[in-house]
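**Q** This is the structure, below, for whatever I ask next.
Coordinate-derived values only; no laboratory data. Computed from a predicted model, the values in this text were never measured in an experiment. So basically every Cβ, Gly included, is an ideal-geometry build from the backbone, and we count neighbours across all protein chains shown.
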Amino acid sequence: AFLAGSSLAAVAWSAESLIALRVVQGIGAGLLMSIMQTFLIRSVGQRNARAALAAMAVPSVIAPILGPLVGGLALHYGGWRYIFGINIPLCLLGVYLALRHLESDERSAALPFDGIGFLLLCPGVVLTVYGLSTLGDSVGGNSMRGSGPERRGDWIGYGVRSLCQEVDRPSVDRCRAL
């Protein structure tokens with residue numbers, strides 16, 4: 001998504017299309033860090049994960065320093081389209097290196113997609129955050145927002161239960177007791 005968003009943003013035909021393509025690029029960028037961390041930990045193992053994640057953090061610290069410099073140079077010498085064009089060869093190099101050096105992970109291919117967990121994730125997180133936010137409103141066990149489950153921060157329990165409900169995977173069976 002990041003490569004596609006960058007490539008299409010470089011040839012955007014209007015301000016509206018540029019905004020929409022930046023959203024696509026942003027979605028791809030948001031997914032990159034978690035996917036890279038997952039691949040990194042699986043490739044180096046749990047034992048070396050801390051050192052590998054620390055090494056991976058270095059570019060994320062340097063990027064905000066070098067990004068404006070490189071972007072400014074691209075804008076000055078090439079125009080606004082070059083800001084997005086810089087990403088294309090870097091992404092293609094990353095895809096090439098990934099295809100060449102990363103091994104297939106049979107563990108993830110064997111696991112089916114957890115559709116119920118996927119659908120319950122968002123409401124579970126929302127209810128958990130809401131429950132945590134209502135904890136501060138309670139004075140002496142009485143909620144300042146009225147009566148109901150939010151009185152004791154019960155939304156936390158509802159959120160956690162919705163995250164764990166109807167899941168048949170052994171790693172989360174301990175949630176069933178909730």
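**Q** According to a simple spin-label model (label point 7 Å from Cα along Cα-to-Cβ), what is the distance in nm between residue 37 and residue 58?
**A** Label-label distance for residue 58 and residue 37, simple model: 2.0 nm.
**Q** Hey, what do the phi angles of the stretch 56-72 turn into as Karplus ³J(HN,Hα) couplings, whole Hz, using 6.51/-1.76/1.60 and θ = phi - 60°, x for Gly and Pro?
**A** Along the stretch 56-72, the couplings run 6, 6, 4, x, 6, 8, 6, 4, x, 7, 7, x, x, 5, 5, x, x Hz.
**Q** Short version: ³J(HN,Hα) in whole Hz for each residue of the stretch 44-52, in order, from phi by Karplus 6.51 cos²θ - 1.76 cosθ + 1.60 (θ = phi - 60°), x for Gly and Pro, what are they?
**A** In residue order, the calculated couplings are 9, x, 4, 5, 9, 5, 4, 5, 5 Hz.
**Q** Hand me the chymotrypsin sites (Phe, Trp or Tyr not before Pro) from the stretch 1-74 located in a DSSP loop with no more than 14 other Cβ atoms within 10 Å, in residue order please.
**A** 13
**Q** Looking at the stretch 1-105, which trypsin sites (Lys or Arg not before Pro) are in a loop (DSSP not H, G, I, E or B) and have at most 10 other Cβ atoms within 10 Å?
**A** Listed in order of number, the matching sites are 47.
**Q** Amide H to amide H under 5 Å from residue 80: which residues, 5+ apart in sequence or cross-chain, H placed 1.01 Å off N in plane?
**A** So residue 80 has HN proximity to no qualifying residue.
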